[in-house]
Amino acid sequence: MRQVENMPATAPAREGEKGITVNIYKHLYEKLKKRRYEIKSYVNNVVEKDLFSTELREKMRPYLRFVSSEGKSVYIKDDKINKVVEIEAAVRERGPELRCLHDETDGCVHVAYCLNCGEVAKALANHSIF
Ligand SMILES: [Zn+2]
């Protein structure tokens, strides 16, 4: 089995720390097995990376949070302006794009938040946007 490429090494287990059993969906397990990934290392890397990203996002933009998704749009609550803003996904000539309908741009904090939010990526993937 090989270590996961392009992912930071997981912090070693603390002395005396035991692992827990986790159930992985069979189809995902088969994909990992096909890639010859070492499952424990992969799961720990993914969990660590996601937690780091979530904690960083919460510290950097504590006033933003994912609300919901519908069709090709996701909705982000912005406590600074006390509004729910709509971010629309589209595939244009130059490629996939997210556009904030509140700021009318693809370069605001709402779009940046979406680009780093796993919930948004999952919502967009579920609607076959990208
Ligand atoms: Zn915006």
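Can you compute the modelled spin-label distance between Arg36 and Asn82, with each label point 7 Å from Cα toward Cβ, in nm?
For the pair Arg36/Asn82, the computed spacing is 5.9 nm.
Under 19 Å from the Cα of Lys18, which lysines turn up, not counting those fewer than eight places away in the same chain?
Lys40
For Leu28 and Leu115, FRET efficiency with R0 = 25 Å and r from the beta-carbon atoms, rounded to 0.05?
The calculated FRET efficiency here is 0.55.
Based on DSSP loop calls and a cut-off of at most 11 other Cβ atoms within 10 Å, the longest stretch of the chain free of exposed trypsin sites (Lys or Arg not before Pro) is what?
Between exposed loop sites, the widest span is 37-79.
What is the calculated FRET efficiency for Glu48 to Ala90, with r their C-beta to C-beta distance and R₀ = 35 Å, to the nearest 0.05?
Using R0 = 35 Å, I get an efficiency of 0.60.
With a cap of 15 neighbouring Cβ atoms within 10 Å, and only residues DSSP puts in a loop, list the GluC sites (Glu not before Pro) found in region 7-75.
Taking region 7-75 and a limit of 15 other Cβ atoms within 10 Å, the loop GluC sites (Glu not before Pro) found are Glu15, Glu17, Glu38.
Each value in this text was obtained by applying a stated rule to the coordinates, not by laboratory testing. Computed from a predicted model, the values in this text were never measured in an experiment. Note: ideal-geometry Cβ built from the backbone for every residue, glycine included; neighbour counts use all protein chains shown.
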